[in-house]
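Here the structure is laid out as structure tokens; the discussion comes afterwards.
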Amino acid sequence: MDRRIFVKRAGAVAAMTGLDSTTARKALADSALSGAAADVPAAFVRSVEGIGRRKLGRADAEVSIIGIGGYHLGLGTVTEQDAIQIVRAALDRGTNFLDNCWDYNGGVSEERMGKALEGGYRQKAFLMTKIDGRTGQAARQQLEESLRRLKTDHLDLIQIHEVIRMTDPEQAFQPGNVIEVLQQARKEGKVRFIGFTGHKSPDIHLHMIATADQHHFTFDSVQMPVNALDEHFNSFGQRVIPEARKRGMAIIGMKPLSNGAILKTNTVTAPEALHYAMSVPVTVTITGCQSMANLEQALGVAKNFEPLSVQQKLKVLEKTAPVSEAGKFEDYKSSHIYDGTYNNPQWLG
């Protein structure tokens, strides 16, 4: 039986009958991993300060296996000084991948990261940000604002943010819209690589990839939730990662702790969850850090990293299966709570 179905059924049985997770444990013990979970990430091309680096898919670039999320850096509970310290410490200690977005915290996240990249730190970073604009005018305006805030003349990777509607792919590829703008920006030297992100549904990601195929275009990267809960419900890891790998796309895993919700399940610890998310075929895993303690935890998992074995993965999935029914701890799939462009449609242009 397909392991995804087996795990989901085992968890559902336990939930509906009020039994403990014995059924889930037996199902997992008797099964083998399938899809992306059955494989491991690509080998390192080298290590820096003990942090491994991989090729960015088929692209001519190297990125650290862990990346620093930009959203948390702009939160009101994080001072600008702390945000700068987190970014610089990460870059000094072997991490080079930086994530951000034009809309994070009204631009504060990009502004703080831009300040952190002064004094020679830009040269240490593989800098990625995302834009929401779908029309040509909105896409170009947001790209230029991001470059200004980040205090750089180019981005290593730009991604189309929140591909969360089935109509997004067709709109993106319309003449004059965001894909055309980003391709022109690449010709101008303002962008090296182009990707897209989303957290809503594997079907939408697969439609974006298929639409790109129809236009004879292949994205350099794709970003999606990759964690020990995703495996059980409407799984990006099971469905999207294999298709992305076929095309040589870099796979950027996000939400390794399911936006922190996985900790509320009392099933696995933060290091266990992060280790699992980094042990499937991802290129880089993005994790948010609100403090130096968060950064130390992430670097602790990433330094001298070795992927979990099949049995270790199964053990993690055994713990999370009983709480995974209907994605109740994955609100980003089932609600609009985290859909910035749903609540602010004007960002699309």
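The values are calculated or read from the model by the stated rules, or taken from the named source; none is laboratory data. Since we're looking at a predicted model, the values are computed, not measured. Ideal geometry is used to build each Cβ from the backbone, glycine not excepted, and the neighbour counts take in all protein chains shown. The area values use the complete protein model at the heavy-atom level, side chains included, leaving out ligands, DNA and RNA. Shrake-Rupley method; radii C 1.70, N 1.55, O 1.52, S 1.80 Å.
When the helices in the chain are scored as -39500 (n - 2.57) per DSSP H run of 4 or longer and the sum is shared across all residues, what 222 nm value do you end up with, to the nearest 500 deg cm²/dmol? Intermediate values should be presented prior to the final figure.
Details: 15 runs with 141 residues, N = 349.
Calculated mean residue ellipticity at 222 nm is -11500 deg cm²/dmol.
Students often get this wrong: which residues of segment 162-176 have the backbone nitrogen under 16 Å from the point 7 angstrom along Cα-to-C-beta of Asp213?
Label zone hits: 169-170.
Within straight cross-link reach of Lys200, meaning Cα distance under 23 Å, which lysines are found once same-chain residues fewer than 8 apart are removed?
Partners found: Lys8, Lys130, Lys246, Lys255, Lys264, Lys328, Lys333.
List the residues whose amide H sits under 5 Å from the amide H of Gly349, counting only those 5 or more places along or on another chain, with H placed 1.01 Å from N in the peptide plane.
Those qualifying (amide H under 5 Å, at least 5 residues apart or on another chain) are Arg134.
Are there GluC sites (Glu not before Pro) in segment 91-197 that DSSP marks as loop and that have at most 16 other Cβ atoms within 10 Å, and which are they?
Filter output for segment 91-197: Glu118, Glu188.
Identify all aspartates and glutamates with a Cα-Cα distance to Lys315 below 19 Å; exclude those on the same chain that are fewer than 8 residues away in sequence.
In chain and number order, the partners are Asp2, Asp20, Asp30, Asp39, Asp230, Glu231, Glu272, Glu306, Glu325.
Given a 1.4 angstrom probe, what's the average accessible area per residue across the chain, in square angstrom?
40
Extending each Cα 7 Å along its Cβ direction at Arg148 and Phe44, get the distance between those two points in nm, one decimal.
Distance between the two pseudo-spin positions: 4.1 nm.
If you add up the charges near Glu62, with Lys and Arg at +1 and Asp and Glu at -1, over every other residue whose beta carbon is less than 15 angstrom from its beta carbon, what do you get?
Around Glu62, the charge tally is +3.
Hey, how many Å between the Cα centroid of segment 199-247 and the Cα centroid of segment 49-74?
One Cα centre to the other: 19 Å.
Per-residue counts of other Cβ atoms within 10 Å, averaged by peptide: what ranking do you get for 248-256, 294-302, 74-82, 313-321, highest first?
Values: 248-256: 25.4, 294-302: 18.6, 74-82: 13.4, 313-321: 22.7.
Order by mean packing, descending: 248-256, 313-321, 294-302, 74-82.
Taking θ as phi - 60°, what are the ³J(HN,Hα) couplings along segment 238-244 by the Karplus curve (6.51, -1.76, 1.60), each to the nearest whole Hz, with x for Gly and Pro?
Residue by residue, segment 238-244 yields 6, 9, 8, 4, x, 5, 5 Hz.
Taking 7 Å along the Cα-to-C-beta vector as the label spot, tell me the Leu75-Gln174 distance in nanometres, rounded to one decimal.
Between Leu75 and Gln174, the label points sit 3.7 nm apart.
Quote the accessible area belonging to Asp331 in square angstrom, nearest 10, computed with a 1.4 Å probe and with ligands, DNA and RNA left uncounted.
Result for Asp331: roughly 60 Å² accessible.
Find the centroid of the Cα atoms in segment 136-178 and in segment 291-311, then give the distance between the two in whole Å.
Going from one Cα centre to the other spans 32 Å.
In whole Hz, what ³J(HN,Hα) sequence does segment 94-108 give by Karplus (6.51, -1.76, 1.60; θ = phi - 60°), x for Gly and Pro?
Result, rounded to whole Hz: x, 8, 10, 8, 10, 9, 7, 7, 4, 9, 5, 6, x, x, 5.
How many percent of the accessible area of the chain is carbon or sulfur, using a 1.4 Å probe?
50
Once both labels are modelled 7 Å past Cα along the beta-carbon direction, what's the Met292-Asp60 spacing in nm?
4.0
Give me, ordered by chain and number, the residues 5 or more places off Gln223 or on other chains with an amide H under 5 Å from its own placed amide H.
Phe196, Thr197, Gly198, Ile252
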